[in-house]
Amino acid sequence: MQQARQVWRDYRHGKAADFAADAHRIERQITHHLRPRFLSDPDNQRRLDGIGLQHDRGRLLLFLHPPDLVEPTNNRSGCALGSLVIARKVSHCSKNQPMRSSA
């Protein structure tokens with residue numbers, strides 16, 4: 001995944017010599033690594049099955065196909081929501097009750 005993110009960054013900065021070939025090579029490597037097999041550790045098996053399922057559905061390397069539509073991380077959206085998260089934490093998730101008239 002680190003190689004895939006680096007290829008994406010190189011593409012975005014205009015440094016990728018052959019982006020399509022690099023993306024295809026990474027896709028083959030990850031497909032081989034996530035091949036169906038049985039692992040002795042149940043936690044690792046669960047991770048392999050879960051990540052393999054997302055890869056089979058085309059979601060794991062979505063940011064490489066095409067690279068202009070999707071970013072590999074959610075950093076930008078996280079930064080956009082940062083001020084809302086801080087406001088929620090400062091308010092301790094409290095909601096103000098509307099004031100009622102005494103009439």
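When the criteria are applied in full, ASP43 meets the requirement of being more than 18 Å from PRO67 (Cβ to Cβ) and either modelled with pLDDT of 90 or more or surrounded by 11 or more Cβ atoms within 10 Å (Cβ to Cβ) (or both). Against the numbered list (1) surrounded by 13 or more Cβ atoms within 10 Å (Cβ to Cβ); (2) of a type in the set (Gly, Ala, Ser); (3) on the phi > 0 side of the Ramachandran plot, GLY14 comes up short only at (1). Of everything listed in (1) within 22 Å of TYR11 (Cβ to Cβ); (2) over 12 Å from the mean Cα position of the chain (by Cα); (3) loosely packed, with under 10 Cβ neighbours inside 10 Å; (4) not small (Gly, Ala, Ser), the single unmet condition for ARG76 is (2). Tell me yes or no: at least one residue of the stretch 58-69 is surrounded by 12 or more Cβ atoms within 10 Å (Cβ to Cβ) and among the acidic types (Asp, Glu). Looking for residues that are surrounded by 12 or more Cβ atoms within 10 Å (Cβ to Cβ) and among the acidic types (Asp, Glu), one finds none in the stretch 58-69, hence no.
If you scan the stretch 49-68, which residues turn out to be of a type outside the set (A, V, I, L, M, F, W, C) and in a helix (DSSP H, G or I)?
Of everything in the stretch 49-68, those that are of a type outside the set (A, V, I, L, M, F, W, C) and in a helix (DSSP H, G or I) turn out to be ASP49, GLY50, GLY52, GLN54, HIS55, ASP56.
On the basis of being out of contact with any Cys (no Cβ under 7 Å at 6 or more places or on another chain), loosely packed, with under 10 Cβ neighbours inside 10 Å and either at pLDDT below 75 or in a helix (DSSP H, G or I) (or both), does HIS92 make the cut? So HIS92 fits the description; yes.
The values are calculated or read from the model by the stated rules, or taken from the named source; none is laboratory data. Computed from a prediction, not measured in an experiment: that's the story for all the values here. Cβ coordinates were reconstructed from backbone atoms using ideal geometry, including for glycine residues, and neighbour counts include every protein chain displayed.
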